[in-house]
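Scroll down for the structure; my scribbles are underneath it.
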Amino acid sequence: MRAPLGNFDDARPAPDCLDLLTAPVADAVRGWSHDVPAEQLIYVDTDPEIADTAAFVEHYGRELLDASANCVVVAGKRGGETSLAACLVLSRTRVDVNGAVRKQLGARKASFAPMDTAVGETGMEYGGITPIGLPAGWPLLVDSAVVDAEWVLIGSGRRRGKLIVPGKVFGGLLGAVMIDGLGV
């Protein structure tokens, strides 16, 4: 199968390669209920040594810079309580943590969650965290530009491999909140 974007040697529908995904991502694909069929979630095999955006797009196709999104875990603090959320923005932008995120979470302070917290709470590898398979109850803050994209390349839960997903999927994920200007 040919991936809808990028230059990948190995592209398959995600339901056909659940064993290559982390448990939370595989469970989400297995139990998928969305207007977009699970077969349109495309898994592409990638080299984990070049998982970071700049090296990745150089190797797999420059057009991926505009079609890739990063999912990061943030922590909001207020009154001694900490709440976690995930943010999804296009890779060419950065998450507006101190503005849009803090406001949306109603937090006095917001910051990127420590790596061990992000990995431990999601069950995913650092550098591969994805919005598909996040813990139940977490808000997923999505920049509206991600939803507007025809196809979006995201993590697969591991540093090896990525998912290519229709952008409209992200507006319908559990806990998704669309925010204009989340990515700046």
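The values are calculated or read from the model by the stated rules, or taken from the named source; none is laboratory data. Fair warning: this is a prediction, and the values are worked out from it, not measured in the lab. When we count neighbours, we look across all protein chains shown, and the Cβ atoms used for this are built from the backbone with ideal geometry, even at glycine. Side chains are part of the model used for accessible areas, which takes the heavy atoms of the whole protein and leaves out ligands, DNA and RNA. Shrake-Rupley method; radii C 1.70, N 1.55, O 1.52, S 1.80 Å.
In percent, how large is the relative contact order of region 1-122, given Cα pairs closer than 8 Å and 6 or more residues apart? Walk me through the numbers on the way to the answer.
Numbers: 153 pairs, mean separation 24.3, N = 122.
Contact order relative to length: 20 percent.
Charged neighbours of residue 17, selected by a Cβ distance under 13 Å, balance to 0 (K, R count +1; D, E count -1).
Is region 32-145 best put as rounded, prolate or oblate by its Cα gyration tensor, with a ≥ b ≥ c the root eigenvalues, rounded for a/c under 1.5, and otherwise prolate when a/b is larger than b/c, oblate when not? It is prolate, given that a/c is not under 1.5 and a/b is the larger ratio. Using θ = phi - 60° in the Karplus curve 6.51 cos²θ - 1.76 cosθ + 1.60, the 3J(HN,Hα) couplings for region 162-171 round to 9, 10, 10, 9, x, x, 5, 4, 5, x Hz; x is entered for Gly and Pro. A straight line joining the Cα centroids of region 133-163 and region 8-78 runs 7 Å.
At 1.4 Å probe size, with every protein chain present, just tell me what the per residue accessible area of the chain comes to in Å². It would help to have the intermediate numbers written out before the result.
Details: 8800 Å² over 184 residues.
On a per-residue basis, the chain sits at 48 Å².
Heavy-atom surface analysis with a 1.4 Å probe gives the chain a carbon and sulfur content of 47 percent of its accessible area.
Within the set of other residues whose C-beta is less than 11 Å from the C-beta of residue 106, count the net charge using Lys and Arg as +1 and Asp and Glu as -1.
Working: positive: 77, 78, 102, 103, 108; negative: 81.
That works out to +4.
Other residues with beta-carbon under 15 Å from the beta-carbon of residue 123 carry, at +1 per Lys or Arg and -1 per Asp or Glu, a net charge of -1. Protection proxy ranking, highest mean first, for peptides 145-151, 106-112: 145-151, 106-112, where packing is the per-residue count of other beta-carbon atoms within 10 Å, averaged.
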